[in-house]
Protein chains: 2
Amino acid sequence: MPTTADDLRRVALEEFAAAGYLGTSLQQIADRAGVSKATVLYHFTSKEVLLEAVLSPALDQLDGILGQVGLAGLQRGGDARTEFVERFVDFLIEHRSAVYIFVNQATSLVDIPVVERANAEIELISRYFEENAGSVEEKVRFGVALGGAAYLLAGAPVSLPEPDLGALRHALINVLGDLLAPSSAAHSVVSASHTTAD
Amino acid sequence: MPTTADDLRRVALEEFAAAGYLGTSLQQIADRAGVSKATVLYHFTSKEVLLEAVLSPALDQLDGILGQVGLAGLQRGGDARTEFVERFVDFLIEHRSAVYIFVNQATSLVDIPVVERANAEIELISRYFEENAGSVEEKVRFGVALGGAAYLLAGAPVSLPEPDLGALRHALINVLGDLLAPSSAAHSVVSASHTTAD
DNA sequence: CGCGAATCTGACCGATCGGTCAACATCTGA
DNA sequence: TCAGATGTTGACCGATCGGTCAGATTCGCG
């Protein structure tokens, strides 16, 4: 059974992603969770602490992915890249609300520790892709992949087949695979065998 | 010489893009423009009207691009697509702050007419790319291109060579050209002849 | 049972929000 | 010159914000 704190984390995640951190009041979160505003501030000492509790699980998992794949392999672009893309897409889908928050609202959420942690991790990954040939374009490719995926996975007015996450995952792996391929060769590096049927 | 209304539009555009529409108060805009808050509300009857005045020029230009290129050509993917990509990238760069606002803050700005107009235009373009083969992946490619470019052009933590917009433009045309190419063939459809030197 | 810890709440606080208004300054053309 | 339009301002308004606090309620456990 979900505890009150769990409910509040879940509701806050949805509201922060849909209406924005600044656009969501503690009163709204309390109402949707069926408790009073004072209860929210009992479980989380401030709105910032609530945001941190909402984003931290996603950032922890991102840390894990970077550790497993090994960032060194991303530079020269071997199998580590294709493996990274698959794990990265699964991460983006599973934590799409959290990713949307710290990708699309980071610029307006300065001086909040958990947001600065997210920015640091994004910049870290970006640097490894950058150290390949064609520095500027490589950076652009990574930035477009990250920002584009976050935009697409949360409320873009590009009506997607919402329940069919499998097809979305397949398409994202292909598109991001192309974007993050080490050179301009090797299209569709992820074969259909990795995913369910088209 | 810039009028007070011009100053307010310029300052509001920067603030809305940097701190978000909800995160920017009329007092901040007034202070940065060197006038009182009441003066802001004299020139623009409400905060929403100010937002509309800030976003409308970009949306008008987007209308113009769609009219010139001709949306019909985008479906079958001929020369119209490559021409569209170049015009689109120039539009994204020139109006990057406005694009960032109505791409990354649209979900939290519901029921605001100018934002709904922006969503309608984005959805319109998306539909033309969708009617090609591979519906889902085509949509994903367009969504990633738009959201990614908007993310990259405004404050992404992917430190770019800021003054060198020419290199950025070149890279974006290549990357978006790849993403929006009608099939999985024809990499780097935009040759170097279209841009300045590398 | 009973008692302390954990949970929850309504009332309240200062600050800031977008917006209104009457008064004042400045400019313009007859 | 002077009257009306235009521009600007400080004072003020109700509403809502994040956050505090004392007290009520419920829970776990000897």
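Assorted remarks:
- Peptide B:104-115 - average C-beta neighbours from other chains (10 Å radius): 4
- Given charges at Cβ of Lys, Arg, Asp, Glu: the range B:85-146 dipole, positive-most of B:V85, B:P113, B:S97: B:S97
- Sorted fewest first by neighbouring Cβ atoms within 10 angstrom, B:D164, B:D7 come out as B:D164, B:D7.
- Shielding of peptide B:19-28 by partners, expressed as the average count of other chain Cβ atoms within 10 Å per residue Cβ, is 4.
- Ratio of Rg to Rh over the range B:6-130 (Cα coordinates, Kirkwood Rh, two decimals): 1.05
- Using θ = phi - 60° in the Karplus curve 6.51 cos²θ - 1.76 cosθ + 1.60, the 3J(HN,Hα) couplings for the range A:123-128 round to 5, 4, 4, 4, 4, 5 Hz; x is entered for Gly and Pro.
- In range of the label at A:A80: residues from the range A:96-126 whose backbone nitrogen is under 15 Å from the point 7 Å along Cα→Cβ: A:124-126
- Where Rh is the Kirkwood radius over Cα pairs, Rg/Rh for the range B:1-67: 1.01
- Remark: mean inter-chain Cβ contacts per residue of B:122-129 equal 2, using a 10 Å Cβ-Cβ cutoff to other protein chain atoms.
- For the pair the range A:83-125 and the range B:1-55, the centres of their Cα atoms are 30 angstrom apart.
- Cβ crowding within 10 Å ranks A:T4, B:T82, A:T45 as A:T45, A:T4, B:T82, fewest other Cβ atoms first.
- The charge dipole of the range A:1-133, taken about the Cα centre with unit charges on the Cβ atoms of Lys, Arg (+1) and Asp, Glu (-1), comes to about 240 debye, rounded to the nearest 20.
- Cross-link reach is defined here as a Cα-Cα straight distance under 30 Å, omitting same-chain residues fewer than 8 places apart; for A:K37 the lysines meeting it are A:K47, B:K47.
- If the convex hull is drawn through the Cα atoms of the range B:52-115, its volume per residue in Å³: 95
Just so you know, all these numbers are worked out from the coordinates, no wet-lab data involved. Not measured: the values here are computed from a predicted model. Cβ coordinates were reconstructed from backbone atoms using ideal geometry, including for glycine residues, and neighbour counts include every protein chain displayed.
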